[in-house]
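The values are calculated or read from the model by the stated rules, or taken from the named source; none is laboratory data. Just so it is clear, the structure is predicted and the values come from calculations on it, not from any experiment. Because the Cβ atoms are built from the backbone with ideal geometry, glycine has one as well, and the counts that use them run over all protein chains shown.
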DNA sequence: TTGAGACTATACCGGTCGGTATACTGCAAT
DNA sequence: ATTGCAGTATACCGACCGGTATAGTCTCAA
């Protein structure tokens, strides 16, 4: 409770925007949740749009710092970090407050490309992808950008899938697919003389 | 222009809902676009919610029929159909009116799981996934449900990614990843010296 | 000719939207 | 003691929201 007033307002707004949607959240509801008045809100945020952008920009910053921290805490090599990403995503999805990705949702609510809200959302995923590409590069992927894009597709897909239907195990499936893609992207020579467990020739 | 009035209303509403978002579209705008009056609209659709559900249900039906038709027109074996899915998605994304997936967007606008709009959206992806699982089964995948879920993650991810930033080549990347997953899911014994019926080895 | 149903026209409802005006309280620095 | 600023309280604005009431126009069939 040592938050400044603008921080308190932004926090209340963020929770409402994320849990109910941006358009579905009125300024009055934010004011009530933050236990303040419209006058104060409009002092620090000249318009609701400004508040929305502040929400997304802070979320961008916070989420990426938190995420990288979680990954670092779970793994210490590029390859294991790439895989740990999916574990972190899986844990994030498990919390009851999970309502999907704030940026995907925001982009869906403001579908025009030129809209600032849409643009900030797009930037988040650019940053996220370059984070993955960085790890992929350290790992020694043949094509870090390709691998990063493909992994991010799996991640975004898993988030959306879990948002649609909870507890569908999307993160786990995404991880299994990621393992295959990561292995396939390795510049190491693939060892083909491994256990092709017996000749169980199944039919066409 | 041989549409009945309720069809005309539904069509106008659908275009607005998809292009601008559901919450962002007022009843007055729909009425104006359909060139009719509120009284007529409320005769056929007792509430805006009913209209929204009608929009989603028709889209569900139409899209899946259209999609399967497109895939069938492009390929005639299970494996090539699985790959053709990504080509169809890619072509769909290329049209200028593309604003992502109506169901993902709707689920983002109505985030509560219990909401009928959310539920109809979730059902769409269940149907879509079982369509893929069916193809995967015909193909002879070791685990059709697993492959179907993984491919659907790639597809959903590609749609979201393209929605965020147009012309990012997401569908192509998704297809490349899908090829690897499909090959890996084959119950056939991988034999590098044997030409498979239709595909050359596309990756190292 | 009449009347029923489809559709239009328009005014209206209470409520909420984002945003503003005005006046007030409490407190800290001068 | 006074000023100035952070924040409160509340009433208000025009616009729009989803939805309704009432009355009028058109066509077509009995």
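Observations on the model:
- Filtered by the rule that a residue be more than 14 Å from chain A (Cβ to nearest Cβ) and either within 16 Å of DNA strand C (Cβ to nearest atom) or over 10 Å from the mean Cα position of the chain (by Cα) (or both), the stretch B:50-61 gives B:50, B:51, B:53, B:54, B:55, B:57, B:58, B:61.
- Which listed residue is buried (at least 19 other Cβ atoms within 10 Å of the Cβ) and modelled with pLDDT of 95 or more, from A:68, A:12: A:12
- Output for the stretch A:126-145, where each listed residue is facing chain B (nearest Cβ under 10 Å) and buried (at least 19 other Cβ atoms within 10 Å of the Cβ): A:129
Conditions tested, residue by residue: (1) within 14 Å of chain A (Cβ to nearest Cβ); (2) near DNA strand D (Cβ under 8 Å from one of its atoms); (3) under 18 Å from residue A:109 (Cα atoms).
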residue: B:5; (1), (2), (3): no, no, no
residue: B:12; (1), (2), (3): no, no, no
residue: B:19; (1), (2), (3): yes, no, yes
residue: B:28; (1), (2), (3): no, yes, no
residue: B:35; (1), (2), (3): no, no, no
residue: B:46; (1), (2), (3): no, yes, no
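- Any hit, the stretch A:76-83, residues being more than 30 Å from residue A:24 (Cβ to Cβ), in contact with a strand residue (DSSP E or B) (Cβ under 8 Å, 6 or more places away or on another chain), surrounded by fewer than 15 Cβ atoms within 10 Å (Cβ to Cβ) and away from every other protein chain (no Cβ under 11 Å): no
- Helices (runs of 4 or more DSSP H) within the stretch B:3-66 that include 1 or more residues in contact (Cβ under 8 Å) with a residue 40 or more places away in the chain and within 18 Å of residue B:123 (Cβ to Cβ): B:5-20
- Filter result for residue B:73 (more than 16 Å from DNA strand D (Cβ to nearest atom), away from chain A (no Cβ under 14 Å), part of a helix (DSSP H, G or I) and more than 19 Å from residue B:158 (Cα to Cα)): yes
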